[in-house]
Amino acid sequence: MPYNNANARQQFPSLGLTVEGNSVVFLDNPGGTQVPESVINAVSIYYRERNANMGGGFLTSNRTDETLASARSAIADLLNAPSAENIVFGANMTTLTFHIARSIADTIQHGDEIIITDLDHDANVSPWTDLQAQGAVIKSVPVTSECRLDMDSLRALINQRTKMVAVTHASNAVGTIPDVAEVVRLAHSVGALVFVDAVQFAPHGPVNVQELDCDFLACSAYKFFGPHIGILYGKAEHLTSLKPHKVRPSKDIIPFRWETGTLNFEGLAGTAAAVQYLDSLYDGVAETDRCKRLHRVMSEIKSYEMALCKELVSGLLSIPGVTVFGITDPEEFEDRLPTVAFTWDKMTPRQTAEYLAAQNIFCWSGNYYALRLMESLGLEADGGAVRIGLAHYNNSAEIDRLLGALKSA
């Protein structure tokens, strides 16, 4: 059966939030999604019945070990990783990326090249540009007028000196989905590694690290209806061969050797619950493989959200003075997510966000850390753009409310 939006909405208590009797519309989802009741309960239960550090010889510590193992298994299925040992947890995607980049820096020789893109969030830019201190040469792939990754430029930049390509799975600003599999193929053809930022893609479609064949992939649970937890997938060969910067008493086996300090175990309980929530949306024929169920659910979510995205983009383009950035042709929406950036001539981006907030419609304005993209579009000096981000719990009525508010401004 197709995805059921009404059923999903019932799982999220925050969707019932009102301000002075008026309901709230959450369109700030690229900055962090709402969470279902089951995730809230899982965090509460951890504190009540499982709270301890891991590795002890007593009940609550054993339960914490189980919590960690459950979260690893859940994320491995969500990403289609070969093993739970490929999954590393940390404070957030940014911290984990800096962590890996620091270890990559130990292998860099003067003149080695690293490729970044103008489409990426700065969390997949600054960790790599920092490697210039080790002698790395940084090159960046520009975007086209539709905010697509310029693949011809990428092909021209990749060569035998390339050691790393850092690329987004989807733009957190304009929603563009690059051809990551082709980026990986090109990088591997010269022996380079690929680090994929899937923070924005993960809530909107199926992630398959084995199909992509990427070396690393990072995402964040709070972007797919869970707590603030950072997630890193790495090929076992890299997690084993690279040297982590860690304290001496910590375990030196994967994935533990990459997890510095005490983990956020209550957050990991919620992370496992977030994956379980997505799994609960499966309503197809009997399927015992959770990974396959999740792939089906995320594919259905993507289809539902794309239908909403067409309504949103079409409505925005009908408003005089509005400019939508990125892919606007509905026939090409397979190459984008329902994350939409726009400007208009009535108000600045910040004024627009505040105007909508006064009507209980929440969204972001600014550069959302997609600094290179905003600079390349010439928007940074003027306050960036307004960003509308849909999630699977949004619906057509909320889009109508947004469009109505803009038209009546």
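Bin width 20 Å, alpha-carbon pairs only: give the P(r) of the chain as whole percents, running from 0 to the bin holding the largest distance. For the chain, the binned pair fractions read 27, 57, 16, 0 percent.
Taking the average, over residues, of other Cβ atoms within 10 Å as the packing measure, peptides 193-203, 277-287 rank 193-203, 277-287 from highest down.
Legend: distances between Cα atoms for K163/K235; K163/K251; K223/K310; K139/K163; K310/K346; K310/K407; pairs beyond 20 Å are K163/K251; K223/K310; K310/K346.
A Förster distance of 35 Å, applied to the separation of the beta-carbon atoms of T262 and S299, puts the FRET efficiency at 0.45. For the stretch 386-402 and the stretch 143-167, what is the separation of their C-alpha centers, rounded to whole Å? Here the answer is 32 Å between Cα centres. For the chain, the relative contact order works out to 23 percent when only alpha carbon pairs closer than 8 Å and six or more residues apart are counted.
Taking 15 Å as the cut-off, no amide N atom of the stretch 354-384 comes nearer than this to a point 7 Å along the Cα-to-beta-carbon line of S314. The three principal axes of the C-alpha atoms in the stretch 223-285 carry coordinate ranges of 46, 25, 17 Å, sorted with the longest axis first.
If a paramagnetic tag sat 7 Å from the Cα of I253 along the Cα-Cβ line, which residues of the stretch 49-88 would have the backbone N under 12 Å from that point? Answer for this model: 85.
For a modelled paramagnetic label at T60, 7 Å from Cα along Cα-to-Cβ, the residues of the stretch 246-266 in reach, with backbone nitrogen under 18 Å, are 262-266.
Take the stretch 115-208 with all the other protein chains still there, run a 1.4 Å probe, and you get 30 Å² of accessible area per residue. Calculated accessible area for the stretch 27-98 comes out at 43 Å² per residue, all protein chains present (probe 1.4 Å; ligands, DNA, RNA ignored). The fraction of accessible area contributed by carbon and sulfur in the chain is 49 percent, rounded to a whole number (1.4 Å probe; ligands and nucleic acids excluded). Using a Gaussian network model of the chain in which every pair of alpha carbons under 10 angstrom is joined by a spring, one finds that among A218, A81, A52 the greatest mean-square fluctuation is at A52. For a quick check, take a GNM of the chain with Cα springs below 10 Å and name the residue from G16, G175, G326 with the largest mean-square fluctuation. Maximum among the listed residues: G16. In the distance distribution for the stretch 286-348, Cα-Cα pairs more than 19 Å apart total 44 percent.
Once the 1.4 Å probe is applied to the protein heavy atoms, the stretch 225-342 comes out at 43 Å² accessible per residue.
List the relative contact order of the stretch 308-359 as a percent without decimals, with contacts defined as Cα pairs under 8 Å and 6+ residues apart. For the stretch 308-359, the relative contact order is 33 percent. Using θ = phi - 60° in the Karplus curve 6.51 cos²θ - 1.76 cosθ + 1.60, the 3J(HN,Hα) couplings for the stretch 121-127 round to 4, 5, 5, 10, 10, 4, x Hz; x is entered for Gly and Pro. The convex hull of the Cα atoms of the stretch 40-84, projected and averaged over all directions, covers 3.5 nm². For the pair V190 and S280 in one chain, pulling the backbone fully straight at 0.36 nm per residue adds 28.2 nm over the alpha carbon distance. Using the Karplus relation 6.51 cos²θ - 1.76 cosθ + 1.60 with θ = phi - 60°, the per-residue 3J(HN,Hα) values for the stretch 319-335 come to 8, x, x, 8, 10, 9, 9, x, 6, 10, 7, x, 5, 10, 6, 5, 9 Hz, with x marking Gly and Pro. Computed over the chain with a Gaussian network model linking Cα atoms closer than 10 Å, the most mobile of E300, E20, E113 is E20. Our analysis of the stretch 173-214 gives Rg over Rh at 0.98, with the two radii drawn from alpha carbon positions and Rh computed by the Kirkwood formula. The calculated pair-distance distribution of the stretch 16-74 uses every alpha carbon pair, bins of 10 angstrom beginning at 0, and gives 19, 33, 24, 17, 7, 0 percent.
The values are calculated or read from the model by the stated rules, or taken from the named source; none is laboratory data. Source: prediction; values computed, not measured. So basically every Cβ, Gly included, is an ideal-geometry build from the backbone, and we count neighbours across all protein chains shown. Side chains included, ligands, DNA and RNA excluded: accessible areas come from the protein's heavy atoms. Shrake-Rupley method; radii C 1.70, N 1.55, O 1.52, S 1.80 Å.
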